[in-house]
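K.L.:
Attaching a single structure in structure tokens format; questions to follow.
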Amino acid sequence: MLRLPRRAVLAAAALIGFAAPAAAQAPFPTRPISMIIPFAAGGPTDTVGRLVAQVMGNDLGQAVVVENVGGAGGTLGAQRVAQARPDGYTILLHHIGMATTPTLYRRLAYDAVNGFETVGLVTEVPMTLIGRRDLPATNLRELVALVQREKDKLNLANAGVGAASHLCGLLFMTAVQTQMTTVPYRGTGPAMNDMVAGTVDLMCDQTTNTTEQIRAGTVRAYATTTPQRIAALPDVPTAAEAGLPNFEVSVWHGLYAPRGTPAPIVERLNRALLVALRDENLGRRFAELGTAPVPQERASPQVHREFWQQDIAKWRPLIQAAGQYAD
Ligand code: ASP
């Protein structure tokens, strides 16, 4: 039997030990990455996702290809990512729905709380309450009176239970103590087309979808859901200014990978996200759309996870009190 001196065995072991992590850190990515947007193309999350995907792709040296998997308030797209191979090639860009769906839905086909690795926060987007341009109400006070008088004739578009537009619509109906018929879409992009065409009446949606339509005058803006006015929409009053003090919400977005994605891959994705959030063109475009990238210190996987978990806890009692569930 071959006997090696103990020192040689230790040296060989050290070499193997040294080689193992190097093998685990195989180059990533070596092919395009699919970024799932859980809403229809042309909507607010799609707009944010495409801007981020492009800069991340440049940094990663591989295209980040946006795929829209809309439906069921964002849960179909989230499910696709939760059940994907945890190899970094399928990622999810989703919003505040990640914090509300664990309570809103009684049954989901994926683990909505532990099924993901957080990659980093992306942005917080204000919302605006808008209506079709020929609605007979020129400001929020008139709108509230109209809604209370004609609630059976007016409808409110949203992107399904779990969407930000759904949550914001609920807050609005609670604030004015009136129920309206809601019309669900696969995303607020298609809902906006119908509003511009005049076939839906009202919607509460993110500035990343509404700013340009408001400026063009194709829809009426009643209020922002922010404590201060938005620089991109200086003429639109805040809800509080316009007479509804408790009507505030903003829509945070984050990037996720399936649970079990190796830490070095999550770190690489996070580095690319940080580059995107520092990108000047992206910052300019976000500003034009009434939002901003989160500061770098808020974009770490750890900060994102803590923020997300706190937000689940924040919304749970409010959703339970409203008694609004989906199956
Ligand atoms: N973010 C959704 C979209 O992009 C809409 C929503 O959440 O209300 O269509």
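The values are calculated or read from the model by the stated rules, or taken from the named source; none is laboratory data. In this text, all values refer to a predicted model and were calculated from it rather than measured experimentally. Glycine also receives a Cβ, built like all others from the backbone with ideal geometry; neighbour counts cover every protein chain displayed.
K.L.:
Show the residue pairs that are 6+ apart or on different chains and have beta-carbon atoms under 6 Å apart, the first residue being within the range 28-53 and near the ligand (Cβ under 8 Å from one of its atoms), the second being of a type in the set (F, W, Y).
P.N.:
These pairs meet every condition: T45/F39.
K.L.:
Here is a further query. Can you tell me which residue in the range 101-146 is surrounded by the fewest Cβ atoms within 10 Å (Cβ to Cβ), limited to those that are in contact with a Lys or Arg (Cβ under 9 Å, 6 or more places away or on another chain) and of a type in the set (V, I, T)?
P.N.:
In this case the residue turns out to be T138.
K.L.:
Report every pair of residues separated by at least 6 positions or lying on different chains whose Cβ atoms are under 6 Å apart, first residue within the range 267-290 and under 16 Å from T45 (Cβ atoms) and in a helix (DSSP H, G or I), second of a type in the set (S, T, N, Q) and modelled with pLDDT under 95.
P.N.:
none
K.L.:
What number goes with the only condition from (1) within 16 Å of the ligand (Cβ to nearest atom); (2) crowded, with 19+ Cβ neighbours inside 10 Å that A221 does not pass?
P.N.:
(1)
K.L.:
Also, I was wondering about something else. Looking at the range 190-234 only, could you name the residues that are in a helix (DSSP H, G or I), in contact with a strand residue (DSSP E or B) (Cβ under 8 Å, 6 or more places away or on another chain) and among the aliphatic types (A, V, I, L, M)?
P.N.:
Passing the criteria: A191, M192, M195, V196, I214.
K.L.:
Still on this structure, please answer the following. Quick check on my filter: what residues within the range 153-167 are in a loop (DSSP other than H, G, I, E, B), hydrophobic (A, V, I, L, M, F, W, C) and within 13 Å of the ligand (Cβ to nearest atom)? If you could, list the steps in order and put the result at the bottom.
P.N.:
Narrowing the range 153-167 to residues in a loop (DSSP other than H, G, I, E, B): 153-154, 159-163.
Applying the additional criterion that residues be hydrophobic (A, V, I, L, M, F, W, C) yields 154, 159, 161, 163.
If the condition is that a residue be in a loop (DSSP other than H, G, I, E, B), hydrophobic (A, V, I, L, M, F, W, C) and within 13 Å of the ligand (Cβ to nearest atom), then A159, V161, A163 are the ones that fit.
K.L.:
If only one of T90, T101, T128 is among the hydroxyl-bearing types (S, T, Y) and closer than 26 Å to T211 by Cα, which one is it?
P.N.:
Criteria check complete, one pass: T128.
Residue-wise test of (1) more than 16 Å from the chain's Cα centre (by Cα); (2) modelled with pLDDT under 95.
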position: A24; (1), (2): yes, yes
position: P44; (1), (2): no, no
position: V55; (1), (2): yes, no
position: V64; (1), (2): yes, no
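K.L.:
Related question: Given D279, D235, which one is closer than 26 Å to T210 by Cα, surrounded by fewer than 19 Cβ atoms within 10 Å (Cβ to Cβ) and either at pLDDT 95 or above or of a type in the set (D, E) (or both)?
P.N.:
Working: D279 fails: surrounded by fewer than 19 Cβ atoms within 10 Å (Cβ to Cβ).
None of the other options fit; the residue is D235.
K.L.:
In the range 105-134, what count of residues is obtained for those that are under 16 Å from the mean Cα position of the chain (by Cα) and hydrophobic (A, V, I, L, M, F, W, C)?
P.N.:
Summing the residues that are under 16 Å from the mean Cα position of the chain (by Cα) and hydrophobic (A, V, I, L, M, F, W, C) in the range 105-134 gives 8.
K.L.:
If you check G189, G162, G169, which single one turns out to be free of Cβ contacts under 8 Å to residues at least 40 places away in the same chain, closer than 19 Å to E124 by Cα and either surrounded by fewer than 24 Cβ atoms within 10 Å (Cβ to Cβ) or touching a helix residue (DSSP H, G or I) at 6+ places or on another chain (Cβ under 8 Å) (or both)? Break it down stepwise before answering.
P.N.:
Values: G189 fails: free of Cβ contacts under 8 Å to residues at least 40 places away in the same chain; G162 fails: free of Cβ contacts under 8 Å to residues at least 40 places away in the same chain.
Just a single option satisfies the conditions, and that option is G169.
K.L.:
Are any residues in the range 168-189 in a helix (DSSP H, G or I) and more than 8 Å from the ligand (Cβ to nearest atom), and if so, which ones?
P.N.:
Initial filter on the range 168-189 (in a helix (DSSP H, G or I)): 168-175, 188-189.
Listed by number, the residues that qualify are G169, L170, L171, F172, M173, T174, A175.
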